[in-house]
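Just so you know, all these numbers are worked out from the coordinates, no wet-lab data involved. Keep in mind it's a predicted model, so treat the numbers as computed, not measured. Quick reminder, even Gly has a Cβ in these numbers, built from the backbone with ideal geometry, and neighbours come from all protein chains shown.
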Amino acid sequence: MTDQVRFTDGAGYERYMGRWSQLAGDAFLDWLTPESGWRWLDVGCGNGAFTEMIVERCAPASVQGIDPSEAQLAFARTRPASRLAQFRQGDAMALPFSGNTFDAAVMPLVIFFVPDPARGVAEMARVVCPGGIVAAYAWDMSGGGFPYTTLQAEMRGLGLAIPAPPSPGASRVEALQDLWTGAGLEGVETRAIAVQRTFADFDDYWITVQAGPSVGPTLAGMTAEDMALLKARMRALLPADDAGRITYGARANAVKGRVPPIER
């Protein structure tokens, strides 16, 4: 069984995934069309990359961020968003909040890390008030949408083990639809989000992936020969433009639904 990914470096994660998260997050928030004054919950907030987008873009009344990694939360607390957002350690499957506390609960790039995704979605629905929104976006793991899918495939080709999330299938659009309807949410909608990121050159890309929690430790343990081979393969698979820049894309699936109103 492959070890799970561990998140302990907020700054490294910011370079590795924070920018990707923000690119997808912009499209996600446009799709949600949030109103000002909402009370938000960011489940699996990590180092606060998406939490900061909520604060900057959505004029929230309040924002709570919850994550199991205290190291990630420590980085989140250094962000400008901490002037409004509050961060605390906790479990997505047992949210430390009472019912009807929030107007919106979001789970950005997290659903595939939740051991029991259905329980995580049910918890978000529980803490959101009637009429409120429950939403998420996740890299299309099984469909090759993860930003570093090509790198991971090449590493596996060299016989290297890559840590995997516990619930990669939860990122499929059909799975998200089923999870949201199964939690009793209404008006469930899904959409695909495609984004592109540009690295200054191959060295910029390589420094970035070395900080990745899913591949960094494995890269650090490689032999010099295997490392040289891997870098050569990646240079060939990620060609640069005339200025040396590397641009490629990733794809996420998004879902949203509303908590049913109270029947009278």
What percentages make up the Cα-Cα pair-distance distribution of segment 1-151 when the bins are 5 Å wide from 0? 2, 9, 20, 24, 23, 14, 6, 2, 0, 0
Name the residues whose placed amide hydrogens come within less than 5 Å of the amide hydrogen of residue 240, ignoring near sequence neighbours (fewer than 5 apart) on the same chain. none
Sorting check: for 123-129, 223-229, which peptide has the highest mean count of neighbouring beta carbons within 10 Å, and how do the rest follow? 123-129, 223-229
Which cross-chain or sequence-distant (5 or more) residues have an amide H under 5 Å from the amide H of residue 65, H modelled 1.01 Å from N in plane? 42, 86, 87, 88
Hey, rough spin-label estimate for residue 61 and residue 93, points 7 angstrom out along Cα→Cβ, what's it come to in nanometres? 3.2 nm
Which whole-Hz couplings ³J(HN,Hα) result when phi for each residue of segment 231-236 is put into the Karplus expression 6.51 cos²θ - 1.76 cosθ + 1.60, θ = phi - 60°, listed in order with x for Gly and Pro? 4, 5, 5, 5, 4, 6
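Given the Cα-Cα distance of residue 71 and residue 36 and 0.36 nm per residue of separation, how much length would full extension add, in nm? Intermediate values should be presented prior to the final figure.
Numbers: separation 35, 0.36 × 35 = 12.60 nm, distance 3.03 nm.
That works out to 9.6 nm of additional length.
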If you count the DSSP beta bridges with both ends in the chain, what percent of them are antiparallel, to the nearest 5? 55 percent
Report the residues of segment 153-184 in range of a label on residue 263: point 7 Å along Cα→C-beta, backbone N strictly under 16 Å from it. 184
Which ³J(HN,Hα) values, rounded to whole Hz and listed in residue order, are derived for segment 120-130 from phi using the Karplus coefficients 6.51, -1.76 and 1.60 in 6.51 cos²θ - 1.76 cosθ + 1.60 with θ = phi - 60°, glycine and proline given as x? x, 5, 4, 5, 4, 4, 5, 8, 8, 6, x
Mean ellipticity per residue at 222 nm, deg cm²/dmol - from DSSP H runs of n ≥ 4 across the chain, formula -39500 (n - 2.57): -10000 deg cm²/dmol
Through the Karplus equation 6.51 cos²θ - 1.76 cosθ + 1.60, θ set to phi - 60°, convert the phi angles of segment 176-186 into ³J(HN,Hα) values in whole Hz; use x for Gly and Pro. 4, 4, 5, 4, 6, 5, x, 7, x, 7, 10
